[in-house]
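Worksheet for the structure shown next.
The values are calculated or read from the model by the stated rules, or taken from the named source; none is laboratory data. Bear in mind that the values here come from a model prediction, so they are computed numbers and not experimental data. FYI the Cβ positions are ideal-geometry reconstructions off the backbone, even for glycines, and counts take in every protein chain you see. These area figures cover heavy atoms from the full protein model, side chains too; ligands, DNA and RNA do not enter into them. Shrake-Rupley method; radii C 1.70, N 1.55, O 1.52, S 1.80 Å.
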Amino acid sequence: TLLAESIRLISKALRPLPEKFHGIKDPEKRYRKRYLDLVMNEKTRQVFINRSKIISGMRRFFETHDFMEVETPMMQPLPGGAEATPFKTWHNALGMELFLRIAPELYLKRLVVGGFEKVFEINRNFRNEGVSTKHNPEFTMVEFYQAYADYHMLMDLTEELFESLVIDLTGNTQIEYQGETIEFKKGWKRISMIESLSVIGGIDEKIIHDTPALLEYAQTHNIQITKKDRHGKILTKLFDACVEPKLIQPTFITGYPVEVSPLSRKNDQTPELTDRFE
């Protein structure tokens with residue numbers, strides 16, 4: 001019971017909030033009325049708070065490792081750095097068509113060419129493609145570039161980044177997700193794509209370099225691959241179907257085929273593969 005001496009209405013609610021006990025269950029309403037979801041669901045609010053902490057933590061991490069934060073153009077004459085359908089726009093003063101960026105890669109690399117040895121950008125990208133709860137046509141990503149570093153050094157840095165972010169959020173190196181305990185401590189498993197097909201995917205290593213045998217394997221296991229696909233593309237599709245669903249703990253996959261790795265450096269010993277990781 002409150003004994004009020006006075007009351008002042010700051011703003012009136014024209015409609016009552018949803019019933020508090022059950023919250024909002026309808027996903028459509030949650031995503032279309034984010035403000036309502038935030039008011040009613042504490043878990044949603046925590047996602048927003050965590051996202052802010054992650055971005056802030058990323059910025060601190062790169063700055064303490066002597067990376068310089070930069071901003072690159074969002075409107076570009078030629079979209080590049082990834083494979084995606086861009087949004088088109090028109091520049092009235094210049095009388096030319098421009099594209100919203102699908103990735104900041106090419107401009108960041110130009111900064112490295114210009115003499116900035118460590119750069120990063122937390123940036124918005126736009127890809128004119130489907131929409132789902134896992135895919136948004138407008139999204140935030142981070143890209144960083146370091147001169148005189150190979151991909152092994154970048155894997156080390158990535159491990160360190162994720163470990164520091166998880167410690168900032170949870171106080172330790174683990175999180176619980178979908179019934180699994182995910183360990184982000186440095187020292188993640190590193191395995192080549194070709195090795196993972198047999199070790200994790202269960203494909204007989206004797207047929208991994210045999211294109212007709214791989215096509216037959218795919219057909220037997222209802223994996224959509226066409227005969228026009230080159231060998232590297234076939235390996236990648238088999239990886240997506242047979243290996244990726246089994247990767248639970250943080251894992252570096254290295255040695256991607258040239259056919260699916262634009263702008264990546266060819267491996268010195270095996271030129272059909274690249275020095276790249278995911």
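Between HIS152, HIS91, which is in contact with a strand residue (DSSP E or B) (Cβ under 7 Å, 6 or more places away or on another chain), of a type outside the set (Asp, Glu), over 22 Å from ILE49 (Cα atoms) and without any contact (Cβ under 8 Å) to a residue 40 or more places away in the chain? Walk me through how you get there before you give the answer.
Details: HIS152 fails: in contact with a strand residue (DSSP E or B) (Cβ under 7 Å, 6 or more places away or on another chain).
Just one listed residue meets the conditions, HIS91.
Conditions tested, residue by residue: (1) at pLDDT 95 or above; (2) closer than 26 Å to LYS186 by Cβ.
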{"residue": "GLY80", "(1), (2)": "no, no"}
{"residue": "LYS88", "(1), (2)": "yes, no"}
{"residue": "MET96", "(1), (2)": "yes, no"}
{"residue": "ARG101", "(1), (2)": "yes, no"}
{"residue": "PHE126", "(1), (2)": "yes, no"}
{"residue": "GLN146", "(1), (2)": "yes, yes"}
{"residue": "LEU165", "(1), (2)": "yes, yes"}
Q) For the stretch 176-190, how many residues meet the condition of being hydrophobic (A, V, I, L, M, F, W, C) and open to solvent by 60 Å² or more (accessible area, probe 1.4 Å)? A) 0
Q | Any chance GLN249 is touching a Lys or Arg at 6+ places or on another chain (Cβ under 9 Å) and surrounded by fewer than 17 Cβ atoms within 10 Å (Cβ to Cβ) | A | yes
Q. Among the residues of the stretch 134-151, how many are of a type outside the set (Val, Ile, Thr) and surrounded by fewer than 13 Cβ atoms within 10 Å (Cβ to Cβ)?
A. 8
Q | From GLU121, GLU129, residue being assigned to a strand (DSSP E or B) and open to solvent by less than 80 Å² (accessible area, probe 1.4 Å) | A | GLU121
Q) Counting just the residues of the stretch 194-236 that are touching a residue at least 24 places away in the same chain (Cβ under 8 Å) and in contact with a Ser or Thr (Cβ under 7 Å, 6 or more places away or on another chain), which one comes out most open to solvent (accessible area, probe 1.4 Å)? A) HIS231
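So which residues in the stretch 252-272 are open to solvent by less than 80 Å² (accessible area, probe 1.4 Å), over 21 Å from LEU106 (Cβ atoms) and without any contact (Cβ under 8 Å) to a residue 60 or more places away in the chain?
So in the stretch 252-272, the residues open to solvent by less than 80 Å² (accessible area, probe 1.4 Å) come out as 252-261, 264, 267, 270-271.
Cutting the leftovers down to over 21 Å from LEU106 (Cβ atoms) gives us 252-255, 257, 267, 270-271.
Of everything in the stretch 252-272, those that are open to solvent by less than 80 Å² (accessible area, probe 1.4 Å), over 21 Å from LEU106 (Cβ atoms) and without any contact (Cβ under 8 Å) to a residue 60 or more places away in the chain turn out to be ASN267, THR270, PRO271.
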